[in-house]
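Okay, so here's the structure we're looking at.
The values are calculated or read from the model by the stated rules, or taken from the named source; none is laboratory data. Note that the structure is predicted; figures quoted are calculated from it, not measured. Cβ sites come from the backbone with ideal geometry, for glycine too, and all protein chains shown count toward neighbours. All accessible areas refer to the heavy atoms of the entire protein, side chains included, with ligands and DNA or RNA removed. Shrake-Rupley method; radii C 1.70, N 1.55, O 1.52, S 1.80 Å.
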Amino acid sequence: MGVIRRTGMFILQVNPILCDGFGHCAELAPELVHLDEWGYPIISQEPVPMADIGAYQSARYAERGCPRQALHVTKMSAPAPVSNVPLTRARPVSRERRTL
Amino acid sequence: MIQAHTLPRLFAGATNKPLSLTEHERMFEPSGDVSNLLEELDASGLVGRGGAGFPTTRKVDLLRHQRGHKYVVVNGMEGEPAAHKDNRLLSTNPHLVLDGAEMLAQMIGASRIAICVARDNPTVVNHVERAIHERARRNLRGPGIDLHTPPWRYVAGEESALVHWLDDNESLPQYRPGRPHILRIGRGPTLVDNAETCANVGLIGRYGAQWFRSLGTSEHPGTAVVSVTGAVARPNVLEVNLGTPLTNILATAGADTSPQAVLLGGYGGAWLRGDQINTPYCNESLSEFKLSVGAGIIAVLPRQACGVAEAHRVVRWMAHESARQCGPCAFGLPALADDLLTVVRGGRDGVAAIARLQDRCGVIEGRGACRHPDGVVRFVRSSIEVFAHDIDDHLRGGPCAGARSNQRFLTVPALEHEEELIWE
Ligand SMILES: Cc1cc2nc3c(=O)[nH]c(=O)nc-3n(C[C@H](O)[C@H](O)[C@H](O)COP(=O)(O)O)c2cc1C
Ligand code: SF4
Ligand code: SF4
């Protein structure tokens, strides 16, 4: 394994349509997620530096551990979030889509 | 040809039945000045009339650079209960809307147009159907036009819900992380535009940008079709010059001359205080009050009305209209309605409810798949701010006379289990 350079930022995003509100993610990534009074995750949409390794690993745990696969870690070099493939209907990522 | 400075534009030649294709063509004779549609649309500064007020040219540009079998969707769903503008447009001159849709299709290279009208409006559906047949008989070249009639619901008119309906027969909004996002029917990139927006494109394509900009303001050019309701002698749909003082619009409709407040935009909109109604009606002036023209609703609330009780009814209904896909919307909106009811009832519980309302608004905002909850939050925040005096009275002395009178001014469809009288 070489040296992994951790530059850029990431955000953790939830698909509110898939999310069931059992709040698993708040246990897996307590530093990023807290729950509202109905049990649904509130996640800061401020980009977090990749250099914050603990936070990044938690985000990955949450992403993998979410029973509904409702969570997604989005890496970005530019500050704006990148468009994802609609999760309701997984389609191959086309070239057009990446240009958005 | 329609003269540049005259009103009505979109409603030119209106009678009580829709203009036939021949009448429409005679009325809206092209000037022949338009050589490049895209440039004219860009120069026109047209912004969407469906609510968000986004520049139409930017949407067209985004779609133009996509590849595939593209669609244009005309949004004539008229989700706002107080609005009648798209229905009126489609019942007055459906061909102007369809012309605009065809021009949009030409600009982005779309091969099909889907026009969507709620099936709950059989007359409008008929008018549109007849217009499509008329065009088919004429054998006009151009993309095929299909009529679609989803059932009416507030969120059915939201663009991703509309596309979902066309794709899969379900009026449910879709999750779209990151913007801009290209909506798709099947794999086909789809442009969704409001019926009034399309009608304006129809005018721009005929007479050009300069003509279009001769009415309205520099930032918000053209006309707007507004639905004036509430405490109004003649509730009506009017076409107004953008930038006209709101007072004049209210006077035309015979509204209460010193209202308590005026709701602008729709049920996802916000209130303008009664002492501010001389503000010009256009986005650049309204944005000072964090308001916008939105979907063109102007609902007048008279002094004797209870703003909090009205707000409660609206929010209760909006909560009912949630598609209930997302937790913060499905649970949050009814919680907001409950809080508002507690405020209406007043007393010490009301004080706690106001604090809770503020918190919950912050928690809910931005957490739905669509902007439905954000609209409700905007409406609630504005209601708390504008009716602060009323609220104080309620908290101190219980429901005011307006709340107890059971006289209501905003159009809210009945719910199945409507709240019984809130007090004895
Ligand atoms: C909850 C919700 C309901 C909406 N309902 C309608 C509607 O009934 N009709 C409409 O034209 N736009 C509606 N919109 C706005 C559309 O999503 C979309 O912005 C619009 O059709 C785009 O057209 P425009 O660019 O021509 O304004 C709604 C938006 C939301 C968030
Ligand atoms: S773990 Fe997934 S499904 Fe469960 S609350 Fe968190 S995001 Fe929602
Ligand atoms: S935010 Fe509300 S209305 Fe929009 S998709 Fe989610 S549940 Fe449905």
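Numbers at a glance
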quantity	calculated
Conditions (1) away from ligand 1 (no atom under 14 Å from the Cβ); (2) open to solvent by 30 Å² or more (accessible area, probe 1.4 Å); (3) within 14 Å of another protein chain (Cβ to nearest Cβ); (4) among the aliphatic types (A, V, I, L, M): number failed by B:A136	(3)
Residue satisfying all of: in the range B:289-347; open to solvent by less than 20 Å² (accessible area, probe 1.4 Å) and among the charged types (D, E, K, R); farthest from the other protein chains (Cβ to nearest Cβ) among these	B:E310
Failed criterion for B:P173 (all others in (1) under 30 Å from B:R26 (Cβ atoms); (2) not assigned by TED's automatic domain parsing to the domain that holds B:P259; (3) not in a helix (DSSP H, G or I) hold)	(1)
Odd one out for B:G144 among (1) touching a strand residue (DSSP E or B) at 6+ places or on another chain (Cβ under 7 Å); (2) more than 14 Å from every other protein chain (Cβ to nearest Cβ); (3) surrounded by 18 or more Cβ atoms within 10 Å (Cβ to Cβ)	(3)
Hits in the range B:154-170 (condition: free of Cβ contacts under 8 Å to residues at least 24 places away in the same chain and either within 13 Å of ligand 3 (Cβ to nearest atom) or within 13 Å of chain A (Cβ to nearest Cβ) (or both))	B:H164, B:D167, B:D168, B:E170
Selection within the range A:3-58 - part of a loop (DSSP other than H, G, I, E, B), within 10 Å of chain B (Cβ to nearest Cβ) and in contact (Cβ under 8 Å) with a residue 24 or more places away in the chain	A:N15, A:P16, A:I17, A:L18, A:C19, A:D20, A:Y40, A:Q45
Single condition B:V237 does not satisfy, out of (1) of a type in the set (V, I, T); (2) under 17 Å from the mean Cα position of the chain (by Cα); (3) assigned to a loop (DSSP other than H, G, I, E, B)	(3)
Of all residues making up the range B:391-415, the number that are modelled with pLDDT of 90 or more and either among the acidic types (D, E) or under 20 Å from the mean Cα position of the chain (by Cα) (or both)	4
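Residues are listed down the side, and each one gets a yes or a no for (1) within 22 Å of B:R49 (Cβ to Cβ); (2) touching a His at 6+ places or on another chain (Cβ under 9 Å); (3) not assigned by TED's automatic domain parsing to the domain that holds B:V34:
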position: B:L89; (1), (2), (3): yes, no, no
position: B:A105; (1), (2), (3): yes, no, no
position: B:H127; (1), (2), (3): yes, no, no
position: B:E159; (1), (2), (3): yes, no, no
position: B:W165; (1), (2), (3): yes, yes, no
position: B:R184; (1), (2), (3): no, no, no
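Here's the yes/no breakdown for (1) open to solvent by 20 Å² or more (accessible area, probe 1.4 Å); (2) at negative phi:
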position: A:V14; (1), (2): yes, yes
position: A:L18; (1), (2): yes, yes
position: A:G21; (1), (2): no, no
position: A:H24; (1), (2): yes, yes
position: A:A29; (1), (2): no, yes
position: A:H34; (1), (2): yes, yes
position: A:G39; (1), (2): no, no
position: A:Q45; (1), (2): yes, yes
position: A:I53; (1), (2): yes, yes
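Residue by residue, here is whether (1) modelled with pLDDT of 95 or more; (2) surrounded by fewer than 24 Cβ atoms within 10 Å (Cβ to Cβ); (3) on the phi < 0 side of the Ramachandran plot; (4) within 15 Å of ligand 1 (Cβ to nearest atom) holds:
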site: B:N169; (1), (2), (3), (4): no, yes, no, no
site: B:P180; (1), (2), (3), (4): no, yes, yes, yes
site: B:G186; (1), (2), (3), (4): no, yes, no, no
site: B:C198; (1), (2), (3), (4): yes, no, yes, yes
site: B:V201; (1), (2), (3), (4): yes, no, yes, yes
site: B:R213; (1), (2), (3), (4): yes, yes, yes, no
site: B:G216; (1), (2), (3), (4): yes, yes, no, no
site: B:P221; (1), (2), (3), (4): yes, yes, yes, yes
site: B:V262; (1), (2), (3), (4): yes, no, yes, no
